[in-house]
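Okay, structure first, notes after.
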Amino acid sequence: MLKKFFQKRPEQIAAIQKWEYKVVQLFNSQSSSPENASKKLGGTLSAETLKEQFPSIYAEKDGRKQIDRFLNKVGDEGWELIQVENVVGLPLMIFKRLKIES
């Protein structure tokens, strides 16, 4: 079968759909609270300042909303979630999208 593939003319090969893939592993970070981050910085920035300066990181404590936002963002970029695997107790997501040749 592979031999037949390579015997095709270049214009036939160009018509074959090509895909690109993205692999993302989610993890839980203990430093996601502004209080912990402030402590790690030795108190140079207060928890309130961190919340104010980095609202997208510290505004939500709900991990599901963060995952929803991430999935919608990659979906808007044309990525399709095709598989989720559990690797070392953490979800590994595999995305694909049609490769656009330039």
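Highlighted here are the helices (runs of 4 or more DSSP H) found entirely within the range 1-81 that include at least 3 residues which are at pLDDT below 80 and closer than 30 Å to residue 100 by Cβ: 2-6, 10-14.
Cβ-Cβ distances below 6 Å connect the following pairs, each with a first residue in the range 73-97 that is at positive phi, a second residue that is surrounded by 11 or more Cβ atoms within 10 Å (Cβ to Cβ) and in a strand (DSSP E or B), and a separation of six or more residues or different chains: 78/97.
The values are calculated or read from the model by the stated rules, or taken from the named source; none is laboratory data. It should be emphasised that the depicted structure is a prediction, and the values quoted were computed from it without experimental measurement. When we count neighbours, we look across all protein chains shown, and the Cβ atoms used for this are built from the backbone with ideal geometry, even at glycine.
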